[in-house]
Each structure stands twice: as structure tokens, then as C-alpha cells.
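The values are calculated or read from the model by the stated rules, or taken from the named source; none is laboratory data. On a predicted model such as this, the values are computed, not experimentally measured, just so you know. Ideal geometry is used to build each Cβ from the backbone, glycine not excepted, and the neighbour counts take in all protein chains shown. To get the accessible areas, we keep the full protein, side chains included, count just its heavy atoms, and leave off ligands, DNA and RNA. Shrake-Rupley method; radii C 1.70, N 1.55, O 1.52, S 1.80 Å.
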Amino acid sequence: MQTTSLFRVILISGLIVAIIGIVAGVSLSDTLPLILQDYLLQTENEELSSMEFILFLILAPVLLVLLPISTIGLWKFKSWARTLYVVISVAFIPLYPVIGPVVMNGWEAMFSDVALMLEGVLIAMMFTGEISKKFKPLKAEVSS
């Protein structure tokens, strides 16, 4: 398999696996132990704090707008997309402690872990080897 094709397969596979993980989390939440189901119900009934609301206002546009834009740019090997993808990935790291405890069923956790590993492979490919050369800015891309 050509490296370009491999990169694109990993890119799309990562998205599919992440979506499957989200679906597994929602559809299998009733398989969690009752104490965790009660905890989730309790947190759903709580009002969002102002900090949580601000985080939601920041995260929603990023996930719904910037992530698809960077994915399309990565598909086309645009250098700005590589930077945007890494910035989005790194920007979410400090938010984990603010978000608080995360409850996942086994399937959701597995798909989430696989998606994160594929994301790591993508980032490694973007900056090393043959694929990294495809992201070099072209003169037309730099001037626009």
C-alpha cells in the first residue's frame, strides 16, 4: 500500500473508530454498574457551572467546525491543516482536569483508546518520513 493511501486510511479509520466509540458510549450506558448509572443521572440533572458552559461554547465549535476542516485539509495534505490538527489535539489536553471524571463502558474505552493511538500515528506520519514531505507548503499556499 502506498504511504499516501495508508495515511488516508488511518485518517478515516480514526474518525470511524471515534464515532463508533461515541455510539457505544451512548447506546451501552445501561450496561454500566448501577452505581455509575446513578452517578451519570445525577450529573445530567445538575446545572452547568459558568466555567463548564464557557468550555461547552469553546469545544462545540472546535469539534463541529475546525476538526472537519482540518480533516479535509489533511486529506489534501495542506500544511495549515497539519498545524491545525496538532493545535486542536494539544489544546484539549489541559481541559481534561476541568471536565472532571469520565465514565466509559468497556467498548467505549476500547474505541477511544484505538482512536487516540491512530491520532498518534497520524501525527507521527505528518512530521516524519515520506508523508511529511507532502505537507511542505507550496508557493501558492504560502501566498494565499
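Scanning the stretch 32-55 for residues that are acidic (Asp, Glu) and open to solvent by 100 Å² or more (accessible area, probe 1.4 Å) gives 44, 46, 47.
Taking the stated definitions as given, is residue 103 farther than 15 Å from residue 10 by Cα, touching a residue at least 40 places away in the same chain (Cβ under 8 Å) and outside any helix (DSSP H, G or I)?
Yes: the conditions hold for residue 103.
For the structure I just gave you, tell me whether residue 59 is over 21 Å from residue 125 (Cα atoms), aliphatic (A, V, I, L, M), under 16 Å from the mean Cα position of the chain (by Cα) and at pLDDT below 85. Yes: the conditions hold for residue 59. Restricting the stretch 89-100 to residues that are free of Cβ contacts under 8 Å to residues at least 40 places away in the same chain and surrounded by fewer than 16 Cβ atoms within 10 Å (Cβ to Cβ) leaves a set whose member that is nearest to residue 30 (Cα to Cα) is 100.
Of 73, 129, 106, all but one fail to be open to solvent by less than 80 Å² (accessible area, probe 1.4 Å) and touching a Phe, Trp or Tyr at 6+ places or on another chain (Cβ under 9 Å); the exception is 73.
Scoring residue 93 on the criteria (1) more than 28 Å from residue 39 (Cα to Cα); (2) in a helix (DSSP H, G or I) leaves a single failure, condition (1). Can you pull out the residues in the stretch 8-50 that are under 20 Å from residue 107 (Cα atoms) and not in a helix (DSSP H, G or I)? Across the stretch 8-50, the qualifying residues are 28, 32, 33.
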